[in-house]
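Here's the structure, in structure tokens; my notes come after.
The values are calculated or read from the model by the stated rules, or taken from the named source; none is laboratory data. On a predicted model such as this, the values are computed, not experimentally measured, just so you know. Cβ: placed from backbone, ideal geometry, glycine included. Neighbour counts: every protein chain shown. Each accessible area value is taken on the protein alone, full model and side chains, heavy atoms only, with ligands, DNA and RNA left out. Shrake-Rupley method; radii C 1.70, N 1.55, O 1.52, S 1.80 Å.
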Amino acid sequence: MAEKSFKKEVEKLRMPAGETFSGEGILAVTKALLQSGVSYVAGYQGAPISHLMDVLSDANDILDELGVHFESSASEATAAATLAASVNYPLRGAVTFKATVGTNVASDALANLASGGVTGGALVIVGEDYGEGSSIMQERSHAFAMKSQMWLLDPRPNLPSIVDAVEKGFELSEVSHTPVMLQLRIRTCHMHGRFETRPNVRPSFTLKDAIENPVRDVGRIVLPPASFTHEREKVEQRWPAAVEFIRRNRFNEFFGEGSRHDVGIIVLGGLYNTLMRALALLGLADVNGKSDVPIYVMNVAYPCIDAEVREFCAGKRAVLMVEEGQPEFIEQSLNTILRQADLQTRVHGKDDLPRAGDYTPNVLIKGLLKFFDRYLPGLVDPAALSEGVRASLEARRAVPVPVVAAAPGVATKPDVASQSAVSTSSVAGAVQPPEVHPRPPSFCTGCPERPIFTAMKLVERELGPHHVSCDIGCHLFSILPPFNIGATTMGYGLGWAGAAAFNTRETDRRTISMMGDGGFWHNGLTSGVGNAVFNRSDNVLIIVDNGYSAATGGQDILSSSADNKIRATRNPIEKAVRGVGVKWVRTITRTYSVSKMRDLLREALTTPEKGPKVIVAQSECMLNRQRRIKPLMKRMIGEGKRVVRERFGVDSDTCTGDHSCIRLSGCPSLSIKDNPDPLRQDPVVTVLNSCVGCGLCGEVSHAAVLCPSFYRAELVSNAGWWERVCKRVADRVIGALQRRVKAREVVYVA
Ligand code: SF4
Ligand code: SF4
């Protein structure tokens, strides 16, 4: 990556055997891949696995030494298809992306891969963005694993377990000829811990060996009759081989054996830490994980190991299945396994725990109490509970509130939390106690995408509202106040495809679609632009070209302007758009020029010229720009060089207090303060110190003919002698004038 360095993390990847690695979960996965003799890694960035991608991008030297190839893939589908290298060759490969959005995109390749099966170990590392803080639709990768028959690992969130899961995952994949999914939840990725390192392993069979000795096995290709054979292989050979390997290698774990209780808990590995926290708070476990209640930990979420379930449940009156989200795949499996074995153990799960939403300790405490009250009344002494736990149990039912402050035309989230309502996050974001103020996400200070929407608001004043189809990326924040722009979003790069139906000759009114540069290169060039050309659309697309895949952490993409030594950047979007046949294309190189942006958009919406119209709106992502220039400026100041930084300000005396600049700009650095004029009551606008001097507020005031209150100031470090003299003279003159004014005020008062 060009702008941010991961040197420190890369050094950790070099650690020899027997040392203690300490760091973030996702970084441990990166080291584990190298310890496993992986030949290639590919992926598409997205939280929570971006860190893995970023570190490997910077680890070129060490990857070269080990003979490991790393690809920053064009999309998750590309990443998944990369695993084709493991179909015919004993090459270990890993791919990574965010789930379930990435899994959706990759599902075609994953299904083909799982059907034909693999020779070398194939690991699909999915960053499971489910529950609290998630930015995507609430679904689970479990369904994908089951439908295509890929084994799903969900290790306990601690570094040794995660590292083991990576290493053993490859072996499992090889013995069962099946791709393995490693599901890492947000908390697992970002949790810190330690593990004892093993040596990095250079693959014994390399990509070079494969290329020079090509192998072809039509039995691995999804074509009849092989595809029918694949299905039989899946159930008759691959599945039993996997079950045997998982059992023999004790992937799943049993805790609290020898307990006097005849009930137990079955929990997915990824939820183990939360369960232990809940049990500890109830006085049923200690902080070291010693539990009074028997627990069966499924570090393999799929397939269920029937024999282990039977062993655990035999002799127990009931078990509680702790499985987040819906449908309750595992709970249903347990019932089938137990009924088939004629075991009468009762299975509880979604009757005691919420059907939807993530399971925080508070949520689990409530569910556990319901379960224990039924089977072991008196096990938990309410009087012995801590004050905090009692308070959370007594907390009144939270009042559902919309996640998004009600904006005209913006649908709010439905209340899916009716049966949980335990904590502020019991169903991610859907319920909040009234005292918690909603804090919708928004553009960064100085974001170059904000002026695009300011211009759209100005055009809306002139031409009335248009249907706006949104896309995934920072620009999606336009849906929220203060802009309230955008009706739908169908997925990454699908902004223009989302407006495809509105391609009718019955009206001259055009629709506007949004797309980011990341989404454009991911698939938007074909799914949106190519589609619009092919279907002779007359509508408008705005491509936000901020130079990075900004929303996923600022990775470079094809059109990035950064000089990236190992990737081909600087491929203009306009050239690609013209290449697929768009005639009306305009590139604006500074989105902060609100009046130019407004005029261009007006032209695109009203020009008599027929055919698709594309505006490429360029300005560098401010977050990444600040990351790039701040260290440079600091160094230059340290070296005694002259550095100028711009800031904007508002003159309180002329500010009318109508705040239209805030409504049209939405910059978080614009705030309000008490009016210094005792005769006026409306608070005036003020610019906070976080201002990065992008100039948008001044541009907005000018373009919207608001007010002359904004001024620009320059902060000069290491100013020259002439500047210092001028400053001193100016200070004296201003000081003298102010003293005169004050003296007059005193006379008036007197
Ligand atoms: S990350 Fe960049 S593009 Fe995204 S909101 Fe912040 S400044 Fe804007
Ligand atoms: S110049 Fe204005 S719009 Fe830009 S960051 Fe500063 S306050 Fe915000």
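Couple of notes before you dig in:
- Failed criterion for Asp599 (all others in (1) in a strand (DSSP E or B); (2) free of Cβ contacts under 8 Å to residues at least 40 places away in the same chain hold): (1)
- Yes/no for Ala617 being away from ligand 1 (no atom under 16 Å from the Cβ) and of a type outside the set (Val, Ile, Thr): no
- Lone unmet requirement of (1) within 21 Å of Pro482 (Cα to Cα); (2) within 16 Å of ligand 1 (Cβ to nearest atom); (3) surrounded by fewer than 14 Cβ atoms within 10 Å (Cβ to Cβ) for Pro668: (3)
- Criterion applied to Ile629, Ile637 was being within 16 Å of ligand 1 (Cβ to nearest atom) and surrounded by fewer than 21 Cβ atoms within 10 Å (Cβ to Cβ), and the one residue passing it is Ile629.
- Region 285-296 residues that are farther than 12 Å from Leu275 by Cα, paired with ones that are of a type in the set (A, V, I, L, M) and modelled with pLDDT of 90 or more (beta carbon under 6 Å, 6 or more apart): Asp292/Leu284
- Residue count, region 665-705 (criterion: of a type in the set (Val, Ile, Thr) and in contact (Cβ under 8 Å) with a residue 40 or more places away in the chain): 3
- Scanning region 475-500 for residues that are open to solvent by 20 Å² or more (accessible area, probe 1.4 Å) and under 25 Å from Ala106 (Cα atoms) returns Leu476, Thr488, Thr489, Met490, Tyr492, Leu494, Ala497, Gly498, Ala500.
- Enumerated strands (runs of 3 or more DSSP E) restricted to region 117-208, each holding at least 3 residues that are open to solvent by less than 50 Å² (accessible area, probe 1.4 Å): 122-128, 151-153, 180-185
- Every condition in (1) over 29 Å from the mean Cα position of the chain (by Cα); (2) within 16 Å of ligand 2 (Cβ to nearest atom); (3) farther than 28 Å from Arg439 by Cα; (4) not basic (Lys, Arg) is met by Glu639 except one, and the failing one is (2).
- Among residues of region 452-485, those that are within 21 Å of Thr606 (Cβ to Cβ) and among the small types (Gly, Ala, Ser), counted: 3
- Condition check for Glu71 on (1) touching a strand residue (DSSP E or B) at 6+ places or on another chain (Cβ under 8 Å); (2) among the acidic types (Asp, Glu); (3) farther than 29 Å from Val215 by Cβ: one failure, at (3).
- Odd one out for Leu558 among (1) open to solvent by 30 Å² or more (accessible area, probe 1.4 Å); (2) part of a helix (DSSP H, G or I): (2)
- Checking the stated criteria, Gly579 turns out to be more than 16 Å from ligand 2 (Cβ to nearest atom), of a type in the set (Gly, Ala, Ser), modelled with pLDDT of 95 or more and open to solvent by 50 Å² or more (accessible area, probe 1.4 Å).
- Within the span defined as region 453-467, every residue fails to be of a type in the set (A, V, I, L, M, F, W, C), open to solvent by less than 50 Å² (accessible area, probe 1.4 Å) and under 20 Å from Ala576 (Cα atoms).
- Test result for Ala80, open to solvent by less than 10 Å² (accessible area, probe 1.4 Å), farther than 24 Å from Glu196 by Cα, touching a residue at least 12 places away in the same chain (Cβ under 8 Å) and under 26 Å from the mean Cα position of the chain (by Cα): yes
- Every pair of residues 6+ apart whose Cβ atoms lie under 9 Å, when the first sits in region 214-226 and is within 15 Å of Ala111 (Cα to Cα) while the second is part of a loop (DSSP other than H, G, I, E, B): Arg220/Gly117; Arg220/Val118; Arg220/Thr119
- Within region 689-727, the residues that satisfy the criterion of being more than 16 Å from ligand 1 (Cβ to nearest atom) and of a type in the set (A, V, I, L, M) are Val700, Ala703, Ala704, Val705, Leu706, Ala713, Leu715, Val716, Ala719, Val725.
- Odd one out for Arg590 among (1) within 24 Å of Asp517 (Cβ to Cβ); (2) more than 16 Å from ligand 1 (Cβ to nearest atom); (3) open to solvent by 50 Å² or more (accessible area, probe 1.4 Å): (2)
- Filtered by the rule that a residue be assigned to a loop (DSSP other than H, G, I, E, B) and more than 15 Å from ligand 1 (Cβ to nearest atom), region 464-484 gives Gly464, Pro465, His466, His467, Pro481, Asn484.
- Residue check: Arg505 meets all listed conditions (1) more than 17 Å from Ser560 (Cα to Cα); (2) modelled with pLDDT of 95 or more; (3) open to solvent by 10 Å² or more (accessible area, probe 1.4 Å) but one, namely (2).
- Being closer than 19 Å to Glu449 by Cα and of a type in the set (Ser, Thr, Tyr) is a property that holds for Ser701.
- Among the residues making up region 30-77, a single one is over 21 Å from Leu113 (Cβ atoms), of a type in the set (Asp, Glu) and within 17 Å of the chain's Cα centre (by Cα): Asp54.
- Criterion violated by Val644 - all others in (1) crowded, with 16+ Cβ neighbours inside 10 Å; (2) within 15 Å of ligand 2 (Cβ to nearest atom) satisfied: (1)
- Strands (runs of 3 or more DSSP E) (entirely within region 276-389) containing at least 3 residues that are under 34 Å from the mean Cα position of the chain (by Cα) and crowded, with 22+ Cβ neighbours inside 10 Å: 295-298, 300-302, 318-322
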